[in-house]
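> There's a structure below that I have some questions on.
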Amino acid sequence: MRLIVTFIFLTLLLLACSKTEEKPASNMATAHEAKKERADLRAAIKKIEPFFKPMGKPKGYDWLASHNEPSQTFEEYLDSNPTKPTTERRKIYVLPLGTFTSQQKKIIDIVARYIEAFYDLPVGLMPARSVKRPLSVKDSRLNKSTHKEQIRTGYILDGVLKPIIPADGAALIAFTADDLYAGDATNYVFGEASLENRVGVWSLARLGDNANYDTFLRRTLKIAAHETGHMFSMRHCTKYECVMSGTNHLGETDSRPIDACPECMAKICWLTDTKPKERYERLAAFCRKNGMAKEAEEFDRKAAAVKNI
Ligand SMILES: [Zn+2]
Ligand SMILES: [Zn+2]
């Protein structure tokens, strides 16, 4: 069955600055630092390239077989006036929505810590809440194949999440165990985000299919890192096999790394003024703590590769 992931990219506001006052010395120092940061990140990109496979030819139902997407390099990202966390809105909120098994609860906790390490932003776990029932016929349905209830993503985004996003939230990401659909044209979706409203919802309902704990954990980490990237204007990656590459089915998700390719890593470090070495060290520590020894070693090697950056 063909899987569809729906994302809503809404227009970014272009902020116009009309002042042309002479820049004070501190601004010049800042401009110099920004230039150095970009040069450092370009150097880091080169060091990390050997760790990633260039994107191969898409097969069958792979994402790129049906989506003709352009790439987005680090430079193109910088030129796109991306949404950045601000001093006032720096925190990412994770909300467990509905009821979960103990394993799912554990995974949501781990995912919150992964996003924190991955983006170098504070992450707050909100108290769990339920979706009010009964749901109206326009907000829920029984899936024709599974005969199980599904909730419409638009209802969760607008009716549940938008009213509760905290003022300091860069993004609010809800996880649900309920199955989701985006509209009549979709059988189901993994999730959906609204960049404009800084909210997204992601379902665990289909991630556990034929999966043991390790696979389920990795799938959830990948989806969380990927969708949070969209909230910071990162587009799908077509240059490398990357956590930011689009996926059409779980086989494709499973084949992707949990990490961002060199171009996407530079975007992430630029977003929060993070040093690549420190980021890789944090991710290595996260993986070691959560029983992901192979990934921890790879992050250690990446940290060593960018040791002077
Ligand atoms: Zn995506
Ligand atoms: Zn990438």
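The values are calculated or read from the model by the stated rules, or taken from the named source; none is laboratory data. Not measured: the values here are computed from a predicted model. Positions of Cβ are generated from backbone atoms using ideal geometry, with glycine treated the same way; all protein chains shown enter the neighbour counts. With ligands, DNA and RNA removed, areas are computed over all heavy atoms of the protein, side chains included. Shrake-Rupley method; radii C 1.70, N 1.55, O 1.52, S 1.80 Å.
> Please state which one of Gln72, Gln150 is among the polar types (S, T, N, Q), within 30 Å of Asn290 (Cβ to Cβ) and surrounded by 13 or more Cβ atoms within 10 Å (Cβ to Cβ). Spell out the reasoning first.
Working: Gln150 fails: within 30 Å of Asn290 (Cβ to Cβ).
Just a single option satisfies the conditions, and that option is Gln72.
> Could I ask something else about it? Could you give every pair whose Cβ atoms fall below 9 Å, whose first residue belongs to the range 78-94 and is on the phi > 0 side of the Ramachandran plot, and whose second residue is of a type in the set (Gly, Ala, Ser), counting only separations of at least 6 or pairs across chains?
Between residues of the range 78-94 that are on the phi > 0 side of the Ramachandran plot and residues that are of a type in the set (Gly, Ala, Ser), the close pairs are Asn81/Ser233.
> Quickly run through the range 183-192 and pick out the residues that are open to solvent by less than 40 Å² (accessible area, probe 1.4 Å) and assigned to a loop (DSSP other than H, G, I, E, B).
First, the residues of the range 183-192 that are open to solvent by less than 40 Å² (accessible area, probe 1.4 Å): 183, 186, 188-192.
Selection gives Gly183, Thr186, Tyr188, Phe190.
> While we're here: Could you list all residues from the range 70-90 that are of a type in the set (Ser, Thr, Tyr) and farther than 14 Å from Gly169 by Cβ? Before you say what the answer is, go through the steps one by one.
To start, the set of residues in the range 70-90 that are of a type in the set (Ser, Thr, Tyr) comprises 71, 73, 77, 80, 83, 86-87.
Of everything in the range 70-90, those that are of a type in the set (Ser, Thr, Tyr) and farther than 14 Å from Gly169 by Cβ turn out to be Ser71, Thr73, Tyr77, Ser80.
> Within the range 223-257, restricting attention to residues that are in contact with a Phe, Trp or Tyr (Cβ under 8 Å, 6 or more places away or on another chain) and more than 14 Å from ligand 1 (Cβ to nearest atom), which residue is least open to solvent (accessible area, probe 1.4 Å)?
Tyr240
> Among the residues of the range 271-292, is there at least one that is of a type in the set (Asp, Glu), more than 21 Å from Glu49 (Cβ to Cβ) and surrounded by fewer than 20 Cβ atoms within 10 Å (Cβ to Cβ)? Let's see the steps before the verdict.
To start, the set of residues in the range 271-292 that are of a type in the set (Asp, Glu) comprises 273, 278, 281.
Filter once more, so that each one left must be more than 21 Å from Glu49 (Cβ to Cβ): 273.
Next, from what is left, pick out any that are surrounded by fewer than 20 Cβ atoms within 10 Å (Cβ to Cβ): 273.
So far as the range 271-292 goes, yes, one or more of its residues are of a type in the set (Asp, Glu), more than 21 Å from Glu49 (Cβ to Cβ) and surrounded by fewer than 20 Cβ atoms within 10 Å (Cβ to Cβ).
> Same structure again: What residue, of Leu161, Leu180, Leu135, Leu195, is surrounded by 19 or more Cβ atoms within 10 Å (Cβ to Cβ) and more than 18 Å from Pro96 (Cα to Cα)?
Values: Leu161 fails: more than 18 Å from Pro96 (Cα to Cα); Leu180 fails: more than 18 Å from Pro96 (Cα to Cα); Leu135 fails: surrounded by 19 or more Cβ atoms within 10 Å (Cβ to Cβ).
Only one candidate qualifies: Leu195.
> Name the single residue that is nearest to Arg301 (Cα to Cα) among those in the range 13-41 being open to solvent by 100 Å² or more (accessible area, probe 1.4 Å) and modelled with pLDDT of 55 or more.
If we filter the range 13-41 for residues that are open to solvent by 100 Å² or more (accessible area, probe 1.4 Å), which is where we start, we get 13-23, 28, 32-33, 35-36.
Then drop every residue that is not modelled with pLDDT of 55 or more, which leaves 28, 32-33, 35-36.
Details: Met28: 36, His32: 30, Glu33: 27, Lys35: 27, Lys36: 24 Å.
Restricting to residues being open to solvent by 100 Å² or more (accessible area, probe 1.4 Å) and modelled with pLDDT of 55 or more, the top hit is Lys36.
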